[in-house]
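**Q** Sharing a structure, written as structure tokens. Questions coming.
The values are calculated or read from the model by the stated rules, or taken from the named source; none is laboratory data. Remember, it's a predicted structure, so these values are computed and weren't measured experimentally. Neighbour counts run over all protein chains shown; Cβ positions are idealised from the backbone, glycine included.
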Amino acid sequence: MLIEFIIRGSLQNDKAKLRDLHPENRKKATDKPTSDRLLKAFSGITLTIIEMGGKRIKHLTPLSELQKEVLKRLGLDSALYQDLEDNGTCPLLL
């Protein structure tokens with residue numbers, strides 16, 4: 001998958017490894033993460049929007065350090081993520 005190729009290339013260029021991708025061993029680091037594990041790292045994210053009495057309340061799960069690192073290595077600014085809560089939309093999907 002493309003995500004795997006980009007992340008692995010970035011890690012190789014920086015001689016770096018990602019930690020926290022293996023739930024069974026959070027300290028395990030890898031420079032060859034699979035797309036499955038990378039995507040699972042984002043599985044707990046939720047955007048909750050509640051509308052009551054003309055008011056809209058939003059809550060977006062904060063990004064973990066791992067998620068921020070993955071986005072950075074994909075060349076994506078984490079501000080795009082914050083836009084989901086601020087605007088309720090994703091600029092990449094418009």
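**Q** For segment 26-44, state whether one or more residues are at pLDDT 90 or above, closer than 29 Å to Gln12 by Cβ, touching a strand residue (DSSP E or B) at 6+ places or on another chain (Cβ under 6 Å) and not in a strand (DSSP E or B).
**A** Within segment 26-44, one or more residues are at pLDDT 90 or above, closer than 29 Å to Gln12 by Cβ, touching a strand residue (DSSP E or B) at 6+ places or on another chain (Cβ under 6 Å) and not in a strand (DSSP E or B).
**Q** On to the next question. Identify the single condition in (1) in contact with a strand residue (DSSP E or B) (Cβ under 6 Å, 6 or more places away or on another chain); (2) assigned to a loop (DSSP other than H, G, I, E, B); (3) acidic (Asp, Glu) that Glu85 does not satisfy, given that it satisfies every other one.
**A** Only one criterion in (1) in contact with a strand residue (DSSP E or B) (Cβ under 6 Å, 6 or more places away or on another chain); (2) assigned to a loop (DSSP other than H, G, I, E, B); (3) acidic (Asp, Glu) is unmet by Glu85, namely (2).
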